[in-house]
1. Could you put B:124, B:198 in order of accessible surface area, largest first, with the 1.4 Å probe and the full protein assembly present?
2. For A:350, B:340, what's the largest-to-smallest order of accessible area, 1.4 Å probe?
3. Return the distance in nm (one decimal) between the two label points of a simple spin-label model at residue A:2 and residue A:345, each offset 7 Å from Cα along Cα→Cβ.
4. State, to one decimal in nm and shortest first, how far the label point of residue A:89 sits from each corresponding label point in the other identical copies (label point: 7 angstrom along Cα-to-Cβ).
5. With every protein chain kept in place and ligands, DNA and RNA left out, what is the accessible area per residue of chain B? Probe 1.4 Å, answer in Å².
6. When each copy gets a label point 7 Å from Cα toward the beta-carbon at residue A:334, what are the spacings between them in nm, shortest first?
7. So, taking all protein chains as they sit and a 1.4 Å probe, how much accessible area belongs to residue B:332, in Å² rounded to tens?
8. Net charge within 12 Å of residue A:253 by Cβ-Cβ distance, Lys/Arg positive one each and Asp/Glu negative one each, not counting residue A:253 itself?
Protein chains: 2
Amino acid sequence: MEQIQGGVTAAKGFEAAGVAAGIKYKDRMDMALIYSTEPCNVAGTFTTNIVKAAPVLWDKEIVEKSPFAQAVVVNAGIANACTGKQGMDYCHEEAKTVSKLLGIPENAVLVGSTGVIGMQLPIDRICAGIEELAAQKDGSIEAGHTASKAIMTTDTVNKEIAVSFELDGKTVTLGGMCKGSGMIHPNMCTMLSYITTDAAISKNLLQDALSESIVDSYNMISVDGDTSTNDTCLLLANGLAGNTEIVQKGEAYDKFCEALQMVNTYLAKKMAGDGEGATALFETVIVNAATKQDARILAKSVVGSSLCKAAIYGHDANFGRFLCALGYSGVVFNPEKIALFFESKAGKMLIYEDGVAVNYSEEEAAKILSEPEVTILVDMKMGTETATAWGCDLTYDYVKINADYRS
Amino acid sequence: MEQIQGGVTAAKGFEAAGVAAGIKYKDRMDMALIYSTEPCNVAGTFTTNIVKAAPVLWDKEIVEKSPFAQAVVVNAGIANACTGKQGMDYCHEEAKTVSKLLGIPENAVLVGSTGVIGMQLPIDRICAGIEELAAQKDGSIEAGHTASKAIMTTDTVNKEIAVSFELDGKTVTLGGMCKGSGMIHPNMCTMLSYITTDAAISKNLLQDALSESIVDSYNMISVDGDTSTNDTCLLLANGLAGNTEIVQKGEAYDKFCEALQMVNTYLAKKMAGDGEGATALFETVIVNAATKQDARILAKSVVGSSLCKAAIYGHDANFGRFLCALGYSGVVFNPEKIALFFESKAGKMLIYEDGVAVNYSEEEAAKILSEPEVTILVDMKMGTETATAWGCDLTYDYVKINADYRS
């Protein structure tokens, strides 16, 4: 398994583009296209929010019913959520336009939107954007890079990764890009994440691999506890790597899953660390929990706590807040038994054990918490299960961004 | 039912005091005493957090096992949580000191603490504080007022209320005080809330009345989603009103419950509106839900959402965030069916209906959201059940307060 240069265009046969279509902001890119020269098996996971955006409903239909997919068109600025029948009609219009320009069936076109909820898309500018995207797309690393920038909203950095590995003597590549900074508390999937691969793998196994992979990647991050209406993770596989098609679980499937997990975990952490207003990636590692599910719930409870997040921002060794968040998670444990550590590049330090604070140095603890990546490590001493969750600190800028997001 | 002057000393036979004991801060009151001249029946509800503070464990024991209670001593500044055996020993020492000074049994003394988690109480200063409290207590309205100020931490205003009503031709009075501003997301009870009454009512019915009352009062508020380790609500009844003792459910019990609901709802709203850094009380009213529980869950999901809270702070009619928070609450509904309104003293306005935004005036909507008390009203159109939840906006000051709380 090797990390290589690039993102969604790293795998064979994938092309991409990004353009400024003037959806909501002036002078910034806001539309992206991913295209595969060959038909792809596609897997997807979507928001569990009852209020689902139109593109989520559209994509679910494609993933479940279309024989294959071949393109994804995404806009930033407007989420096309809470937009009724017109919102669905606009998804269809996008697909029609892509279909006509690229010569692929309408039901092979996936769509995605992110931005303000409740506004209708400016469909004329969207369709003009699609024409530009179709004209500009190519398979270069740079094109994937441009696409990953074009889907950003309040993100401060673009997020992409590619990895490759060997199967049957063939090189298989997996690349991905995502965006997400606010309204990030994915449940069964993430904000917008697009993964491409040239692996040959059956549609059923592709969906299995994706569904398994999100549990310990996207579903373990939280920026603000708000599960979006638009969360979407799509995985397209076009088979161009030339490996023997993976049609059953086994060594090849496991290798593919390992690569997918690496990509998804990388992208999920990137989103958490780039949470709106964040100055630090805030990781919580639970070890020796009684069950895997307990470990996940405990880890997510800590990274989701406003008070823990504010303590990280203040570099404040206010460990009681971490214990408090473990305590209200719903998981049963004995607070007299657990041990809590702070850890970062600056060191590792035991803070709490046997029901009381140990005699630690406040100065040293503050130094550990001042790094851009900070870990709270909790040993539950109840079993052998582990989980990791990622979030970010709560800052003035989070409030600033969200108190005047639309203006 | 009439609201009258005063707080915990409004009911007959109750005395109080507040003093500056130097627990954590200089030159501010930080210890309070409530004392009844007669033994009281006592009811209590406590945090559901697995990590329970020592005073919570102490009080649970008293409420469940003691024949009566007669005093409550409370300190602010240090929470006596995550303090192990020493924390419990200190509760006992407090009770011993009160017992000796006031001539009541040790197991008639309730204790309460609020503040930083993980530090031990300065027990010498606590005991010196108790001596002062015992010397100064009296039954004046002013004394109750002083006590309600002495339990404040990051609160900006003290919170108290008293109501009276007639039973068997006798005037029955119910008074209460509470504190709470951060780490407020009560679950089966509240931060610290103390209610006193001269009603004659059996211990069982007193607990029933309290347990019912908290569901739609304290349990419907949230400041930051963090359920504290110290949440405690105590209700003391000394019987001095002279009414026939309430020993079964019926008209007299209902009247008492109505008064209790008024007191608890008032105090809960006060806490929400005085949430750390808050500039507005943020109310969500759900009407015509399918079940009562659905209505409660929906209302709490909205007031608990960071993005909704930030929108209230920004006076931003970003209604999609409210729909999003309803959508991820876990309650099943049809987003195409519901109607959403903004309401405040400045007016009431329909914003969203039939799956899309109505054509509302942004300027008018911003004006409605600029009031110090703002309501989001959602008509689910599914049944007849209603619930109301209270929170506050998310502001720079919330971050400021919590990024340097301990320093």
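The values are calculated or read from the model by the stated rules, or taken from the named source; none is laboratory data. Just so we're clear, the structure is a prediction, and the values are computed from it rather than from any experiment. Every residue, glycine among them, receives a Cβ derived from its backbone with ideal geometry; neighbour counts consider all protein chains shown. Each accessible area value is taken on the protein alone, full model and side chains, heavy atoms only, with ligands, DNA and RNA left out. Shrake-Rupley method; radii C 1.70, N 1.55, O 1.52, S 1.80 Å.
1. Working: B:124 125, B:198 0 Å².
My answer, sorted largest first, is B:124, B:198.
2. Descending order: A:350, B:340.
3. 2.6
4. 7.6
5. Result: 34 Å² of accessible area for each residue.
6. Its label point is 5.3 nm from the equivalent points in the other copies.
7. 100
8. Surrounding charge for residue A:253 is -4.
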